[in-house]
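Down below is the structure, laid out as C-alpha cells.
The values are calculated or read from the model by the stated rules, or taken from the named source; none is laboratory data. The shown structure was predicted, so the numbers you read here are calculated from the model rather than taken from an experiment. Neighbour counts run over all protein chains shown; Cβ positions are idealised from the backbone, glycine included. Side chains included, ligands, DNA and RNA excluded: accessible areas come from the protein's heavy atoms. Shrake-Rupley method; radii C 1.70, N 1.55, O 1.52, S 1.80 Å.
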Amino acid sequence: ERERPWELVIHELKNNTRFVRLADRSGTQAAEKMRVDFVANASHELRTPLASLLGYIETLQDGAAKDKKTRNRFLEVMHGEASRMQRLIGDLMSLSRIEAERFRPPAETIELGPLIDEACQATCATLGTDLAQIRIESADKSVAIAGDRVQIAQLVSNLVGNALKYSPEESPVTVAYESVSETMVRLVIEDRGEGISPEHLPRLTERFYRVDPGRSRSMGGTGLGLAIVKHIVERHRGRLNIESEPGVGTRVIVHLPKNPPTLSSARNESVTK
Ligand code: ADP
C-alpha cells in the first residue's frame, strides 16, 4: 500500500460512540526521516576516520613501526584523523546543546565589537591564517544585543571560518556590524572567494550538506557549520540570508534582535533608585 500523508484515527468514547479524526502525518514523517538520515550520516562520518585509524594501527603492529620515518608519517596521519573525529564530535555536541536550549531565550548582554574581535582572532589562530586578512567595520561605536555569548561567538567563528576556507590566501574577508533599527542589528560576513552556485543555496544549512565533500574535508570541515549557525540564529529569533555568485564571492547576512527595550529600561530604573 502506498503511504498516505494522512491517516484515520478512531477514538472510542465512553458512551459507546466513536469519534473519527483525520490526522496529518506528513510533518512527523518528514521529521522522523530527517532524524534517521542524521544518525546514519553522523555514524558514517565517524566510521570513516575510525576505519583509517585502525588500518594504520594494524600496519604499525605488523612491523611498520620499526622504520622511524614510516612511523612518524603514520602518526601524523593518525593525528589528523583523530582531530577530524574530535571536531565532528564537538560540532555534534554543539548542535544538540543549541537544540536543547531552543525554548530558553538567551539573555546575556553582549557588546558585539569585542566579541567579534575575539572570535576573529580565535578563528585565524585555528586555521593558521593572518588576522590582517579580515577587515572589521562598524558604523556604530557600540552595538549590544541580548544573546548567548558562546553561541554568538560560534556563529561569527563559523561564518568567518568559511569565508577564509573557501577563498584564496590573502583574499580579503569583511565583517561588518551595525544597528539597523530600534530593535535590530545586522551582521554581514563577505568574501571574494569561489562562491556557491544558486542550486546549492537552499540546502547549505542542512546537516552534512556540502557543495564539494572532498574539498570541505580537506579544509577540516565537518559539514555542520552552517547547520549550527542556522540553529543559533533561530534560538535568537533572528534571520539568516546567504547570497553568492560563483567566481565572485559570498555574503552572509544575519539579522539579530537587540536588547529588548523593556529589559534595559528596567535596569536603568534600578540604577537610579
Ligand atoms: P563545512 O564544514 O563543509 O564548511 P558548512 O556547513 O559550514 O560545512 O558549509 C556547507 C558548505 O557550504 C561547504 O561545504 C561549502 O561547500 C559551502 N560554503 C559555506 N560557506 C561558503 C563560502 N563562504 N564560500 C563558498 N562556499 C561556502
For the chain, please report how many Lys pairs fall under 26 Å Cα to Cα, leaving out neighbours fewer than 8 apart on the same chain.
5
log10 I(q)/I(0) for segment 214-262, Debye formula on C-alpha points only (no solvent), q = 0.13, 0.21, 0.29, 0.32 Å⁻¹, two decimals, reads -0.45, -0.89, -1.07, -1.10
Cα-based Rg and Dmax for the chain, in Å, come out at 23.8, 83
For segment 178-195 and segment 107-157, what is the separation of their Cα centres, given in Å?
12
Working from the pairwise distances between different alpha carbons, so that the mean of 1/r is found and then inverted, what is segment 85-131's Kirkwood radius in Å?
13.1
With a 1.4 Å probe and all protein chains left in place, how much of the accessible area of segment 1-101 comes from carbon and sulfur atoms, in whole percent?
57
Only loop residues by DSSP count here, and only those with at most 14 other Cβ atoms within 10 Å; note down the GluC sites (Glu not before Pro) in segment 1-67 that meet that.
1, 3
Using every alpha carbon pair in segment 8-153, what percent of pairs falls into each 5 Å bin from 0 up to the bin containing the largest distance?
2, 7, 9, 10, 10, 11, 11, 10, 9, 7, 5, 4, 3, 2, 1, 0, 0
What ratio of Cα Rg to 2.2 N^0.38 Å holds for segment 160-201?
1.43
For segment 55-129, the Debye formula with one identical point scatterer on each Cα and no solvent gives log10 I(q)/I(0) at q = 0.15, 0.19, 0.23 Å⁻¹ as -0.79, -0.96, -1.09
Taking R0 as 51 Å, what's the FRET efficiency between residue 13 and residue 107 from their Cβ-Cβ distance, rounded to 0.05?
0.65
Under the Debye formula (equal points on every Cα, no solvent term), log10 I(q)/I(0) of segment 122-273 at q = 0.09, 0.10, 0.18, 0.21 Å⁻¹
-0.31, -0.38, -1.11, -1.46
Subtract the Cα-Cα distance of residue 217 and residue 23 from 0.36 nm times their separation in residues, and report this length gain in nm to one decimal.
65.6 nm
Nearest-0.05 FRET efficiency for residue 69 and residue 126 at R0 = 30 Å, using Cβ-Cβ distance, is 0.55
